[in-house]
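Right, one structure below, let's go through it.
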Amino acid sequence: VQLQAYGGGLVQAGGSLRLSCAASGRSFRRNVMGWFRQAPGKVREFVATINWSGGTTDYADSVKGRFTCSRDNTNNTVYLQMNTLKPEDTAVYYCAASSGTVVATRLSEYDYWGQGTQVTVSS
């Protein structure tokens, strides 16, 4: 599975962005997908995950109620809708694919990673 994340940019606090992650490979429909982020000087952290059907999602407490993860298996794409953005959301956002069958929140559970897209939220 190859992953390409895009859609990042500069936005003011309170604004919205939608990240997309395009996946190649026939196994996409069976993959659990996840979003992680890494701010400067910090470790990469879990943001959101979604199961193969899109029926199950999980979120980090810091983004619950503001971010929504969804997927379109027809177009091999997973999305992260980010609303009410805060300066502390500033980071490089990565999408990842897991060969597991249940939603996953740990980095070690993911087998494939995209290159990351920068999100900057100004105050």
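Some points to look at:
- Qualifying position, being of a type in the set (Lys, Arg), more than 16 Å from ALA5 (Cβ to Cβ) and in contact with a helix residue (DSSP H, G or I) (Cβ under 9 Å, 6 or more places away or on another chain), among ARG106, ARG26, ARG66: ARG66
- Within the stretch 97-116, considering residues that are touching a Ser or Thr at 6+ places or on another chain (Cβ under 9 Å) and part of a strand (DSSP E or B), the one nearest to ARG18 (Cα to Cα): ALA97
- Residues satisfying the stated conditions in the stretch 51-80, i.e. among the aromatic types (Phe, Trp, Tyr) and free of Cβ contacts under 8 Å to residues at least 60 places away in the same chain: TRP52, TYR59, PHE67
- Residue within the stretch 66-74 that is assigned to a strand (DSSP E or B), over 15 Å from ALA23 (Cβ atoms), open to solvent by 40 Å² or more (accessible area, probe 1.4 Å) and not basic (Lys, Arg) present: yes
- In the stretch 47-65, residue nearest to ARG26 (Cα to Cα) [restricted to those that are touching a Lys or Arg at 6+ places or on another chain (Cβ under 7 Å) and in a strand (DSSP E or B)]: ILE50
- Of the set (1) surrounded by fewer than 18 Cβ atoms within 10 Å (Cβ to Cβ); (2) within 18 Å of GLU45 (Cβ to Cβ), all apply to TYR110 but (1).
- Positions within the stretch 21-50 being open to solvent by 10 Å² or more (accessible area, probe 1.4 Å) and over 19 Å from THR101 (Cβ atoms), in sequence order: ALA22, SER24, ARG37, GLN38, ALA39, PRO40, GLY41, LYS42, VAL43, ARG44, GLU45
The values are calculated or read from the model by the stated rules, or taken from the named source; none is laboratory data. For clarity, every value in this text was computed on a predicted model and none was experimentally measured. Note: ideal-geometry Cβ built from the backbone for every residue, glycine included; neighbour counts use all protein chains shown. All accessible areas refer to the heavy atoms of the entire protein, side chains included, with ligands and DNA or RNA removed. Shrake-Rupley method; radii C 1.70, N 1.55, O 1.52, S 1.80 Å.
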